[in-house]
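Beneath this line is the structure, given in structure tokens, with notes to follow.
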Amino acid sequence: MLQIHQLRSNLRMIPKDSYPSDVKILRVVSINVNGLRSSVTKGLLEWLEKSEADVICMQESRITHAQWTDKFKPEGWYTHLFPAERAGYAGTAIYSRIPFKSVQDGLGFELADSQGRFIAAEFDLGLNQPAYICSLYLPSGSSGDEAQARKDVFLEKYAQILKQWRDENKSIIVCGDYNIVHKRIDIKNWSGNQKSSGCLPHERAWLDHIYDELGYVDTFREVRPEAELYSWWSNRGQARAKNVGWRIDYHACSPDWKTRTVNAWVYRDEWYSDHAPVIIDYKIS
């Protein structure tokens, strides 16, 4: 049996039984599905079945409760949807093999909650405190100045909530599409995007703040320091084929998850969206 540090060198997702027999793995996936109905037609649910994922955090579900019929809820999964008030827009969902202890929708402010941008699911994982795994869809500012202003308001309000969670010593994994690259390594065309929403200096400074000052951990980079590992590609100019991408999908975790992080991947063998699934394995025993 290979040791964990040897398994990290594999850039393709490995079976969970590849780990030592005394290691219990929690596999958490984040994916912006760019429309759940569309991604399901492309085979997303079939991939969920073979992914060995324990929890899947989805963003931009773009589906109402009325549209979210049983065909979108595979057998053996606990599912929760938080749709936007506006049909066909935003929204988040969490699918889990593990029962929810509780689920909370929203962050407590209108910009987030009217658009279904956040779900927190509480789990009993046998650790010394409850664990919260969350799906976050942070707004994009790419459509213009007004959109960027709304995004900046969201960042300000959300940072206050992130601080509160740290003050409470909450054990939390916030998966999601943050719509921001952090560092030069996280985007192919760094110099050409310095004035683009998602790569603006104050946005990247916001990520510095939550990681360096509040103490959250970008667990993907803990085990994958390699360059050119992106999670989103434009549909223009063969960006995906040329790997001209952005890493804007994160697991931002409280510090207790840092030493539990054992492996991570961006899954690119099949495509269900313009984003790729970001998969991280955490050791919970």
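The values are calculated or read from the model by the stated rules, or taken from the named source; none is laboratory data. Values in this document were obtained by computation on a predicted structure and should not be read as measured data. As a convention, Cβ positions derive from the backbone with ideal geometry for all residues, glycine included, and neighbour counts pool all protein chains shown.
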> Where residues in the stretch 7-64 are of a type in the set (Gly, Ala, Ser) and out of contact with any strand residue (DSSP E or B) (no Cβ under 7 Å at 6 or more places or on another chain), which of them is farthest from residue 233 (Cα to Cα)?
Replying inline: 21
>> Only one of 243, 235, 179 is more than 16 Å from the chain's Cα centre (by Cα) and closer than 22 Å to residue 138 by Cβ. Can you tell me which?
In response: 235
> Which pairs have Cβ atoms under 8 Å, sit 6 or more apart or on different chains, and link a residue in the stretch 54-82 that is at pLDDT 95 or above and part of a loop (DSSP other than H, G, I, E, B) to one that is acidic (Asp, Glu) and surrounded by fewer than 24 Cβ atoms within 10 Å (Cβ to Cβ)?
Replying inline: 74/49
> Of all the residues that make up the stretch 238-285, how many are of a type in the set (Asp, Glu) and buried (at least 20 other Cβ atoms within 10 Å of the Cβ)?
Replying inline: 2
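Specify which of the listed residues (90, 131, 112, 120) is free of Cβ contacts under 8 Å to residues at least 60 places away in the same chain, of a type in the set (A, V, I, L, M, F, W, C), at positive phi and surrounded by 13 or more Cβ atoms within 10 Å (Cβ to Cβ).
On the way: 131 fails: at positive phi; 112 fails: at positive phi; 120 fails: at positive phi.
That would be 90, the only listed residue that is free of Cβ contacts under 8 Å to residues at least 60 places away in the same chain, of a type in the set (A, V, I, L, M, F, W, C), at positive phi and surrounded by 13 or more Cβ atoms within 10 Å (Cβ to Cβ).
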> So which residues in the stretch 149-182 are farther than 20 Å from residue 255 by Cα, surrounded by fewer than 21 Cβ atoms within 10 Å (Cβ to Cβ) and of a type in the set (Lys, Arg)?
Replying inline: 150, 157
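One residue is enough: does the stretch 25-40 have a residue meeting the conditions of a type in the set (A, V, I, L, M, F, W, C), out of contact with any Gly (no Cβ under 6 Å at 6 or more places or on another chain), more than 16 Å from residue 276 (Cα to Cα) and in contact (Cβ under 8 Å) with a residue 12 or more places away in the chain?
The answer is yes, given that some residue of the stretch 25-40 is of a type in the set (A, V, I, L, M, F, W, C), out of contact with any Gly (no Cβ under 6 Å at 6 or more places or on another chain), more than 16 Å from residue 276 (Cα to Cα) and in contact (Cβ under 8 Å) with a residue 12 or more places away in the chain.
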